Amino acid sequence: MLAVVLMFLLTPIVRTLKRVRVPEALGSAIVIAGMLTLAGFLAFELSGPLTEWLEKAPEIGAKLQEKAQPLKKYFAKVSNTSEQVEKLTTTAVATKDAPRQVELKKASLLDNVLSGTSKLVFSLLVVVVLLYFLLASGDLFLSKLVHVLPTLSDKKKAVQIAREIEGNISKYLSTIAMINAAIGVFSGLLFWGFGLPNPVLWGAIAGLLNFIPTVGAVSMAILIALVSIASFPSLTHALLVPIAFLALTITMGTFVSPHIMGRRLTLNPVVIFLGLSFFGWIWGLPGALLAVPMLAMFKIFCDHIEPLASISEFLGY
């Protein structure tokens, strides 16, 4: 699915290269190489700050616990009551012959990391290879569809629908990518203005999480709140950062994004929530990131297929 989404996003670039006499196979390789180079550069630049924060995670946790001491007083009585109830329950069900406990040996952290890394590398390799074949094939599948249709009018209609769907999906994906990139840049400037360490890292994460409507912004605000509390001595200063970030994302989501995207490409909030829940349940975080682009692609497809127009109406805002 990721390869299909990237295909719609990158096809206009490959087609532009074809107009200047660059073959589709070579153009697809150039586009994918450029995409991988950009992704590798960003990963290299952000890996240092991210590693630094991960190394400081125990220290940050200790600071958060220290600043959360006042809150622990309010939960002390509840905790003591819970422990007493647990002791009473344990005493009541205890027997002389306690059951033998079986302890399962867990895999080491290194084994888990290596296993996860190998799966990730293999998955990315599959995406890159499939993306190359999709881009390099060009209009192969459209030509086959035109070939099997019986009448000339059906052939013309199929080409028209395919071109409109491809153009609208590509426009949507490129627009939403630019909007989220702008949110990442503005968020980084906002974090820099407040004096937050490594603002570029947090801005990049904010732009990426913004592909998940609402949930991504709220998750980012919680993350920034924890980082700010651990970084700034003043609680007021720390809480101003996530509040300002939420104000920025709400402004962009309420006024800027609908104006740029247009009503036609706006999805129903209920549909977005259901899509996030469903694809997040199936694929986890990658599914949540791909949910909205996939829903938008399906809506655009339904817009151009007359029997599916009613489904498009329900998906729209």
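Report the residues of segment 275-293 in range of a label on ALA39: point 7 Å along Cα→C-beta, backbone N strictly under 20 Å from it.
280, 283-293
Within 10 Å, count the other beta carbons around each residue, average over each peptide in 226-236, 39-49, and list them highest first.
226-236, 39-49
What's the ranking of 284-296, 200-212, 17-29 by average number of surrounding C-beta atoms within 10 Å, highest first?
Going from most to least packed, we get 200-212, 284-296, 17-29.
Enter the accessible area per residue of segment 206-270 (Å², integer; probe 1.4 Å; all protein chains in place).
About 52 Å² of surface per residue is accessible.
For MET297, MET1, MET178, write out the residues from largest to smallest accessible area, computed with a 1.4 angstrom probe and no ligands counted. Please list the in-between numbers first.
Values: MET297 20, MET1 95, MET178 125 Å².
Result, largest first: MET178, MET1, MET297.
Using 0.36 nm times the number of residues separating ILE30 and LEU124, minus their current alpha carbon distance, what extension gain do you get?
32.1 nm
Determine ³J(HN,Hα), in whole Hz, for all residues of segment 199-212 in sequence, where each value follows from phi through the Karplus function 6.51 cos²θ - 1.76 cosθ + 1.60 and θ = phi - 60°; x replaces Gly and Pro.
Using θ = phi - 60°, the values come out as x, 5, 4, 5, x, 5, 5, 4, x, 5, 5, 5, 5, 9 Hz.
Stretched out fully, how many nm does the piece from VAL185 to THR16 gain, at 0.36 nm a residue minus the Cα gap?
Length difference between fully extended and current span is 58.1 nm.
Given the Cα-Cα distance of GLN160 and PHE278 and 0.36 nm per residue of separation, how much length would full extension add, in nm?
So the extension gain works out to 39.3 nm.
The values are calculated or read from the model by the stated rules, or taken from the named source; none is laboratory data. Since the model is a prediction, treat every value here as computed from it, not as a measurement. Here the Cβ is made from the backbone with ideal geometry for all residues, glycine too, and neighbour counts use every protein chain on show. Heavy atoms of the whole protein, side chains included, go into the accessibility calculation; ligands, DNA and RNA do not. Shrake-Rupley method; radii C 1.70, N 1.55, O 1.52, S 1.80 Å.
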